[in-house]
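K.L.:
Please read through the structure below; I'll follow up with questions.
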Amino acid sequence: MAGMLQLLAWLGVAICLLPGVAGTQPQAGRPTDSDSTGGGLQEPAAPEVMFELLWAGLELDVMGQLHIQDEELASTRPGRRLRFLLQHRVPNDLEGAEQRLQQLQRLRKRPPLSPWEFEQLLLTGLSCIYRLHAAGEAEERGRWTLVFALLAQETLWDLCKGFCPQDQPPSLGPWALILDPFP
């Protein structure tokens with residue numbers, strides 16, 4: 001559990017810092033329609049704004065939707081944008097998260113994800129953590145854990161594009177142990 005919390009902390013830092021570092025210009029070979037830009041949403045929020053929104057905390061309601069706990073922050077433009085992403089762009093069930101994971105695995109050979117796609121990848125991982133803690137059965141927790149760990153691996157794959165030796169996956173190090181949820 002401590003390893004998972006460390007990975008969650010790493011994921012939070014990545015969601016706050018990396019989308020702001022990545023360029024927001026359209027990439028060659030990528031469509032520039034509203035679908036690729038988050039459905040007409042503006043570019044990812046500044047890292048410090050996203051950090052403040054996530055630091056305020058999220059809650060998972062009985063309908064399976066994630067909400068920002070701080071109502072004042074939730075009412076700001078970045079808060080409304082994050083709420084939209086959490087409700088409409090981040091899968092809210094295990095099957096949706098597994099489908100998103102499969103889509104990302106198919107994109108491994110392509111150029112790095114756009115800032116919007118990367119942000120959705122990180123938010124999907126964050127969503128997995130909340131759903132993992134809300135899961136009632138061991139089998140369901142195991143599946144959420146596996147999806148989260150594989151999303152973390154995909155995050156590393158995307159960050160490694162252009163830097164890591166060809167066909168060598170980045171390592172999760174000690175966190176790789178959670179890839180097998182039932183030792």
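The values are calculated or read from the model by the stated rules, or taken from the named source; none is laboratory data. Just so it is clear, the model here is predicted, and its values are computed rather than measured. When we count neighbours, we look across all protein chains shown, and the Cβ atoms used for this are built from the backbone with ideal geometry, even at glycine.
K.L.:
Please list, ordered by first then second residue, the pairs with beta carbon atoms under 7 Å, 6 or more apart or interchain, first in segment 49-64 and closer than 16 Å to Ile129 by Cα, second modelled with pLDDT under 85 and not β-branched (Val, Ile, Thr).
P.N.:
Leu54/Gly12
K.L.:
Right, here's the next one. Restricting segment 123-157 to residues that are part of a helix (DSSP H, G or I), among the charged types (D, E, K, R) and more than 12 Å from the chain's Cα centre (by Cα), which is nearest to Gln103 (Cα to Cα)? Full working, then the answer.
P.N.:
First pass over segment 123-157, keeping only residues part of a helix (DSSP H, G or I): 123-134, 138-157.
Still in the running and among the charged types (D, E, K, R): 131, 139-141, 143, 154.
Checking which are more than 12 Å from the chain's Cα centre (by Cα) leaves us with 131, 139-141, 143.
Numbers: Arg131: 20, Glu139: 23, Glu140: 21, Arg141: 22, Arg143: 17 Å.
The selected residue is Arg143.
K.L.:
Please go through (1) in contact (Cβ under 8 Å) with a residue 12 or more places away in the chain; (2) closer than 21 Å to Leu58 by Cβ; (3) within 15 Å of the chain's Cα centre (by Cα) for Pro78 and return the number of the only condition it doesn't satisfy.
P.N.:
Exception for Pro78: condition (3).
K.L.:
Mind checking whether some residue in segment 56-70 is more than 27 Å from Val147 (Cα to Cα) and either among the charged types (D, E, K, R) or modelled with pLDDT under 50 (or both)?
P.N.:
First pass over segment 56-70, keeping only residues more than 27 Å from Val147 (Cα to Cα): 70.
Then drop every residue that is not either among the charged types (D, E, K, R) or modelled with pLDDT under 50 (or both), which leaves 70.
So far as segment 56-70 goes, yes, one or more of its residues are more than 27 Å from Val147 (Cα to Cα) and either among the charged types (D, E, K, R) or modelled with pLDDT under 50 (or both).
K.L.:
Take the residues in segment 136-151 that are modelled with pLDDT of 90 or more and among the small types (Gly, Ala, Ser), then tell me which one is surrounded by the fewest Cβ atoms within 10 Å (Cβ to Cβ).
P.N.:
Checking each candidate, the answer is Ala138.
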